[in-house]
Amino acid sequence: MKQVYARRKLMISTAVVAAVVGVGPCASAQTTTSTSMAISKPKKPPTSTTPKMIEEAIQRSQARSAKAQATGAPEKWGSEEPFTFDPTKK
């Protein structure tokens with residue numbers, strides 16, 4: 001029975017020490033000086049597809065299928081072959 005309490009006490013003391021150590025560097029890292037440089041926000045990635053992206057995906061799929069038919073080997077998921085997109089090709 002004492003072993004259960006000892007484990008619980010150890011877990012609580014470990015959590016308290018971790019919390020105290022975790023708060024220390026954050027509070028000391030704060031400064032009151034201001035900087036004159038403006039920080040820009042990172043650019044968000046596009047959230048919608050464009051016709052050019054769709055055409056590239058189609059060409060990539062067709063090239064992968066043509067290679068699989070020429071070699072007689074089945075297509076493998078996750079295998080990326082070197083590919084050059086040609087925007088003039090339809």
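Every read-out reported here was derived from the displayed coordinates using simple, explicitly stated rules and does not represent laboratory data. The model shown is predicted, which means the values in this text are computed figures rather than measured ones. Don't worry about glycine lacking a Cβ; one is built from the backbone with ideal geometry, like all the others, and counts go over all protein chains shown.
Counting beta carbons within 10 Å around each of Ser13, Ser48 and listing the fewest first gives the order Ser48, Ser13. From least to most packed, judged by other beta carbons within 10 angstrom and beginning with the fewest, Thr47, Thr14 follow the order Thr47, Thr14.
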